[in-house]
Every structure is written in structure tokens, then in C-alpha cells.
Amino acid sequence: MSEGPERDHALHLYDDDTTLATTVATFLAPGFARDDAIVSIGTRAHVAAIEQRLRSEGVRVDDAVLSGRYVSMDAERVIARLLRNGLPTRETFADVVGHRIEQLASRHGSVRAFGEIVSLLWRDGKQTAALRLEDLWNEALGYQPLSLVCGYATRTVGTEAAPAVQRIAKAHTRIIRPDA
């Protein structure tokens, strides 16, 4: 069990898939070490790359899956269930993601999560939906012991100086820079 609830909502802007996998694996690894619950919501390719990176660092991902401590979800499928009239709602968020986070937190004390649903929404021209989802994650952070990193592809949103990124950054507590 974790020593105490950790609440963080980090933004990771990435240029390539290798950087994303490395940064997210580095973010998630302490949760595995502390027996926290881990949730990974991404494209199948990104989740597989993150899991491979974790395994290469000696993390026992398969044991965490078997124990129910690690859950991965396909972001494209989550989006299909999350949106109502083009936007996520509190109800759909709770049904698709929130209840799972709540159950994992009650069993394991704390949850570390990666999500890229927001990046996929942004890529598809659904910026309002992406920002609404960021707000829903922030609400969850208010009542769950949750630490979350959101991955956004720079080819989709631009660099840190871009107005879109500045809007996205306001929804996060910090920016993770891979070179830092």
C-alpha cells in the first residue's frame, strides 16, 4: 500500500512514441513498487510499448494484471463509451472510468494512471471534449488518491508556446519534460 494519497495531474508533451513510453513507464514504475493500483488508457500500440518498457526495467506487469492491480484500457473504445452528444459527462466518466478508479483506490490505497484519450480527442478536432475531460479528471483528483499523467502528441497540439498547449497546461498541475 502507498504511504498516503498522492494527487497530481501532469501533462507530458511528446514528439515520438519512444519518448512517450519511456516517460510514462518512469511515471508509473513507482506505483508498481509501492503496490498502488495502475491504470493505463491509451492506444493499443502505446500501452504495449509502455508495458514493454516497464518489463525491461524489471517491473512485474503480468503479476499486477493477474492480481487486478494493473488495468489497461483501449483509449479508442473508451472514447466511444465516454461521449454523449460529443462531450464526456460526469455520468459517463463515472461509468467508464471513475468507478474503476474508485474501486482500485479502495483496494490498493492509491492509483497511478496514464491517459491519452484527451490527445485523441484533440487530434480529432474535439478540443472542447478534451478540455471537459481534463476537468472531469481534476474533479476525480479532488476525491480520489490519484496521480495522473496525460500524454499529448506535439504534432497534434503544438509546442509549449502554442495557444492550444497553454489552454491544456492550465488544466494540469505540472508539465513533465523528458529531458528534465
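Below are the figures for this structure:
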read-out: When residues of the stretch 35-67 are limited to those that are of a type in the set (Asp, Glu) and in contact with a helix residue (DSSP H, G or I) (Cβ under 7 Å, 6 or more places away or on another chain), the one nearest to residue 19 (Cα to Cα); value: 51
read-out: Output for the stretch 132-143, where each listed residue is more than 13 Å from the chain's Cα centre (by Cα) and surrounded by fewer than 18 Cβ atoms within 10 Å (Cβ to Cβ); value: 135, 139, 142, 143
read-out: Positions within the stretch 14-39 being within 14 Å of residue 70 (Cα to Cα), not β-branched (Val, Ile, Thr) and not in a helix (DSSP H, G or I), in sequence order; value: 34, 35, 36, 37
read-out: Residue check, residue 175 touching a strand residue (DSSP E or B) at 6+ places or on another chain (Cβ under 7 Å) and under 16 Å from residue 15 (Cβ atoms); value: yes
read-out: Options 116, 91, 57; residue that is buried (at least 21 other Cβ atoms within 10 Å of the Cβ) and on the phi < 0 side of the Ramachandran plot; value: 116
read-out: Filtered residues of the stretch 133-153 (kept if touching a Phe, Trp or Tyr at 6+ places or on another chain (Cβ under 9 Å) and part of a helix (DSSP H, G or I)); value: 133, 136, 137, 139, 140
read-out: Criterion (more than 21 Å from residue 23 (Cβ to Cβ) and at pLDDT below 90) met by exactly one of 167, 155; value: 167
read-out: Some residue of the stretch 162-180 being of a type in the set (S, T, N, Q), in contact (Cβ under 8 Å) with a residue 40 or more places away in the chain and either more than 26 Å from residue 35 (Cβ to Cβ) or open to solvent by less than 10 Å² (accessible area, probe 1.4 Å) (or both); value: no
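The values are calculated or read from the model by the stated rules, or taken from the named source; none is laboratory data. No experiment lies behind these values; they were computed from the predicted model shown. Note that we place each Cβ from the backbone using ideal geometry, even for glycine, and neighbour counts take in every protein chain shown. Just so you know, the surface numbers come from the protein's heavy atoms only, side chains and all, with ligands and any DNA or RNA stripped out. Shrake-Rupley method; radii C 1.70, N 1.55, O 1.52, S 1.80 Å.
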